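Taking it in order: structure first as structure tokens, then the write-up.
Only the coordinates and a few stated rules stand behind these numbers; no lab work does. What you see is a predicted model, and the numbers here were worked out from it, not measured in a lab.
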Amino acid sequence: MKLKFSIAWDVLAGMLTWFLVFALTLYLSWPHDRLWSLWPWIVTLFLLNGACFYCVTRSDERSGVLPRFELICYILQLLFALALNWILPFDYLAILSIIWVSVLPYLLPMRTAVFITVAVLGLWYGVDSYIEQRAMWITALLFSSFHFFALLMKNQARSEQQARQELQQTHQQLLATQDLLMMASQQQERTRIARDLHDVLGHHLTALTINLQVAGHLTQGEAKTKVDQCHQIAKLLLSDVREAVSALREQQQFSIYQALEKLLRAVPGVKVQWDCPQDVELADVKVAQQLLLIVQEALTNTLRHSQATEFYLAVKPQHGFLQLTIYDNGKVSPDWKAGNGLTGMQERVASCAGTLVWQVKDNHFCLQVTLPSGVQQ
């Protein structure tokens, strides 16, 4: 619903609608002496209503329960709209409640949002009808249709936004996996080249060296000198081949930094802060794959359950192991229980002979994972 460092189009439309209702109310109140005396109250209530709407929608969109300050602003926004409707004789002020209702699909399940909308409409037009002592069925039905239209459209927009976010996360995961597969393919190709050099070229050079050594014993004079020179060159070449094979076999580590960069780039809905040395490597493609899946699962849990706005990851090499520290700034529910996500993480870590420990610290969930790197330090 919101865009970072800017106001999203739907929020801008809500603010513009609020301003037009505000301006129209001031214009229509001008000729009436009774309403003119209420101008300080009218202006104050409108400004407070608009300010509350801005406070609720100013930050990056997060589904679920609002923080306490934003929740208070959201409730006050409705109360200010109700107050304006009850002191002013203008039916179109129900537009303010439409603006309020349009935020509900981002906070609650659709059924709960519909129930709350019905309750608000009943309160709005029930009290209005009592104050004005007249039936308001037609007006109530007309504006109720607008309320439910806004509710359904926002719910659809929310669903599409969630689908786009999930698609983006899947795309980033695929990019990270593709990068990992490419590195694994390069590792296999280096292994094949090293094996061929050792088995074919190394074997032939060894045979050539032995034959030249024998030939050196069977020749005399200048010919022996040339044969000895060839023998030394063959030995040097064999040594170079062995060094090249060793170098190829030593370059079989995976850059975990490169894979994490693809996975954590521009994650929607949460700010990611991560720290990983660029020279951190893993020797086993299986461990690298499980590491990526663990980070992905932790990120998914943050987005779905913790209501966090920031996600933190630290990767630290330590004595042949990689230590991952993962946490966020979300809140842990008092009745929290480990689910399938954490169980899956435990299974992945166990398959790599690693360890996984979690704890709740300062009401924040913290995860520590240790995996063998397979790289001598």
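Need the list of lysines near LYS235 for cross-linking: C-alpha distance under 23 angstrom, and skip anything on the same chain fewer than eight residues off.
The qualifying lysines are LYS224, LYS226.
From the Cα gyration tensor of region 257-377, with a ≥ b ≥ c the square roots of its eigenvalues, which class applies: rounded if a/c is under 1.5, or else prolate if a/b is larger than b/c, or else oblate?
prolate
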